[in-house]
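Each remark here refers to the structure printed beneath this line.
A short reminder: the numbers here are calculations on the coordinates, not readings from a lab. Just so you know, these numbers come straight off a predicted model, no measurement behind them. Virtual Cβ from ideal backbone geometry, glycine too; neighbours counted across all protein chains shown.
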Amino acid sequence: MRNDAPRAGARDAAIEHVLHRYRQRRMQQRLAWVALGAGVSMAALALLWVRANPPQETLLAREQPSAKVPRELPLPSQSGKSVRPALVPVPTPSAAVLELQPCTPAMRAAGEQPLIDDFEDNDARIAPLEHRAGFWSASNDNGGTQRPAPGGPLSMTRIPGGRGASQFALHSSGSKFSKWGALVAADFSPRRCYDASAYAGITFFARGRGSLNVVVKMTQVAPEEFGGSCTHDCFDTHRVTLPLTNNWQEKRVTWAELTQKGFGQVVPFDPRSLLSLEFSVAPEQTPFDFWVDDIRFLQR
């Protein structure tokens, strides 16, 4: 037995010291790899965030509208015929006055089936011709009574004694109103723009007492919640007031006769962007009682 051999306790302590140092090195190596992986992940997340959230100046550069660039656009004429294209500026969103364009997509009338409704089917649906789809309904300012009452599609009324071959018509009557009045109306193509530029106006038969407003509403004067695109000073619709008599009379209204009252946004009338047809009375026209029959577009 050698005298210089280490004692068992010292040998075990030395082995334990070596193993402890080894474990420390392994732990340090693992922590280094974990830190490196975390750094790579953070860098990747930062890159994704930057791509998803570009600096404000980058957004402004992307959204900044281009300058007015002349381009050729067809200009409409009063007759509706095409006119030689001319160079006109394209307005930017920051322009003081924006040119109002017809809404798109539009349902377009061909100009061959003018009937809107003759009411002989005795229901509230307008004639489903040339992509037209709408229902007659009543509305008022809640300041009086109206017959038929608002709240759903209207029932047509039988004409006492008839009007020639016609047996049914649209009939509404009511008491005094004090706010904006009462009306009956039908959309041409609900929530969409209707292009009736193939026609020259509206024609129908009417009778009653006092006077009646014929209103052709465009999408540009109706708020978005009512299917339009107006954002301020809305509801200044294009209309004409016609006198009524106790006898049936044919009424003819051309697009050129329709004007705004002047309290809202000024919009030129455009038969390419129609929303609805209304027959209304203002407070000064109440009490009221009117009949309307055989409504058609006025052919050119």
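Here the Karplus curve 6.51 cos²θ - 1.76 cosθ + 1.60, taken at θ = phi - 60°, turns the phi angles of segment 144-154 into couplings of x, 10, 9, 10, x, 6, x, x, x, x, 7 Hz, with x standing for Gly and Pro. Residue by residue, segment 189-206 carries 3J(HN,Hα) couplings of 8, x, 6, 9, 7, 10, 9, 10, 5, 6, 10, 9, x, 10, 9, 6, 10, 8 Hz when phi is fed to the Karplus relation 6.51 cos²θ - 1.76 cosθ + 1.60 (θ = phi - 60°); x denotes Gly or Pro. Fully extending the segment from residue 266 to residue 211, taken as 0.36 nm per residue of separation minus the present Cα-Cα distance, adds 17.3 nm. Here each label is just a point 7 Å from Cα along the line to Cβ, and for residue 233 and residue 299 those points are 4.0 nm apart.
Each residue of segment 235-242 is assigned a 3J(HN,Hα), and the resulting list reads 6, 7, 7, 8, 8, 8, 9, 10 Hz, derived from the Karplus form 6.51 cos²θ - 1.76 cosθ + 1.60 (θ = phi - 60°), x at Gly and Pro. For segment 110-200, what percent of Cα pairs sit more than 20 Å apart? For segment 110-200, the share of Cα pairs beyond 20 Å comes to 46 percent.
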